[in-house]
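Contents: one structure, followed by commentary.
The values are calculated or read from the model by the stated rules, or taken from the named source; none is laboratory data. The model shown is predicted, which means the values in this text are computed figures rather than measured ones. Every residue, glycine among them, receives a Cβ derived from its backbone with ideal geometry; neighbour counts consider all protein chains shown.
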Amino acid sequence: MKKRRIGLILCLMIILTAVSCSTAPVKWYKSDTSQATFTRDKADCEEAVLSTGTSQRTKQIYSVEGCLEAKGYTAIPLSSQ
């Protein structure tokens, strides 16, 4: 029973790692926003995500990407440029 649980956890970790690595790189855009403002907004989002807790479910719900989108940024895939 314990070996099965460990195997399941390892399998989930591998899947999550593969999914997170497969996302295409993006550039964040918001009109009339400087690089300094974006850097500050991104740091605020990262801090907010870290303060929500450490569970994987929490990190999926509260993501840096979701926070940036809520602040009005749009993700533009680098492959489209």
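List of remarks:
- The number of residues in segment 51-81 being aromatic (F, W, Y) and either closer than 19 Å to T33 by Cα or at pLDDT 80 or above (or both) comes to 1.
- Counted residues, segment 1-50 - those being at pLDDT 90 or above and touching a Phe, Trp or Tyr at 6+ places or on another chain (Cβ under 6 Å): 2
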